[in-house]
1. So, Val36, is that one open to solvent by 70 Å² or more (accessible area, probe 1.4 Å), at pLDDT below 90 and among the β-branched types (Val, Ile, Thr) or not?
2. Out of the range 79-104, which residues are closer than 18 Å to Met1 by Cβ and aliphatic (A, V, I, L, M)?
3. So, Gln101, is that one open to solvent by 70 Å² or more (accessible area, probe 1.4 Å), modelled with pLDDT of 90 or more and either assigned to a helix (DSSP H, G or I) or basic (Lys, Arg) (or both) or not?
4. Could you check, for the range 19-33, whether at least one of its residues is modelled with pLDDT under 85 and open to solvent by 40 Å² or more (accessible area, probe 1.4 Å)?
5. Is it fair to say Lys43 is at pLDDT below 90 and either open to solvent by 60 Å² or more (accessible area, probe 1.4 Å) or on the phi > 0 side of the Ramachandran plot (or both)?
6. Can you tell me how many residues within the range 85-98 are under 19 Å from Ile71 (Cα atoms), of a type in the set (Gly, Ala, Ser) and in a loop (DSSP other than H, G, I, E, B)?
7. Sort out which residues of the range 73-92 are within 15 Å of the chain's Cα centre (by Cα), open to solvent by less than 20 Å² (accessible area, probe 1.4 Å) and within 12 Å of Cys31 (Cβ to Cβ), and write them in order of number.
Amino acid sequence: MFKELKQIQKQIKKDRQIRAVIISAEGNNFCSGIDVKEVLPSKKLVLKLLWKWLPGNANLAQQIVYGWQTIPVPVIAAIEGVCWGAGLQLALGCDYRICNQNAS
């Protein structure tokens, strides 16, 4: 998912027709975070996600969060339901966060 988000950010930056970006859930929850059961058994996946080449550089997860700040249009997180862990990190990278009353 992180690799896909990074690619989407690149595409959005190139498209001058886009006036705003809205990130929302496909279901009833924005994002419950990283699926630990999927990532932890594979040391390679953990390294790909969290590895930094040099101190001060961002790892892949951080690059996604910072990536929203490099997009030249407003980025809005439409949050409903659960927004925890990496989901909250993703939302905090956006310019605006709009929450439903059921958001946690």
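1. Values: open to solvent by 70 Å² or more (accessible area, probe 1.4 Å): yes; at pLDDT below 90: yes; among the β-branched types (Val, Ile, Thr): yes.
Yes, satisfied.
2. Pass one, the range 79-104, residues closer than 18 Å to Met1 by Cβ: 79, 81-94.
Within the range 79-104, Ile79, Val82, Ala86, Leu88, Leu90, Ala91, Leu92 meet the criteria.
3. Details: open to solvent by 70 Å² or more (accessible area, probe 1.4 Å): yes; modelled with pLDDT of 90 or more: yes; either assigned to a helix (DSSP H, G or I) or basic (Lys, Arg) (or both): no.
When the stated conditions are applied, Gln101 does not pass them.
4. To start, the set of residues in the range 19-33 that are modelled with pLDDT under 85 comprises 32-33.
Keeping just the survivors that are open to solvent by 40 Å² or more (accessible area, probe 1.4 Å) gives 32.
Checked the range 19-33: at least one residue is modelled with pLDDT under 85 and open to solvent by 40 Å² or more (accessible area, probe 1.4 Å).
5. In short, yes.
6. Result for the range 85-98: 1.
7. Once the filter is applied, which keeps residues that are within 15 Å of the chain's Cα centre (by Cα), open to solvent by less than 20 Å² (accessible area, probe 1.4 Å) and within 12 Å of Cys31 (Cβ to Cβ), the range 73-92 yields Ala77, Ile79, Cys83, Gly87, Ala91.
The values are calculated or read from the model by the stated rules, or taken from the named source; none is laboratory data. Note that this is a predicted model, so its numbers are computed, not measured. Every residue, glycine among them, receives a Cβ derived from its backbone with ideal geometry; neighbour counts consider all protein chains shown. Note: accessible area is taken over every heavy atom of the protein model, side chains too, but ligands, DNA and RNA are not part of it. Shrake-Rupley method; radii C 1.70, N 1.55, O 1.52, S 1.80 Å.
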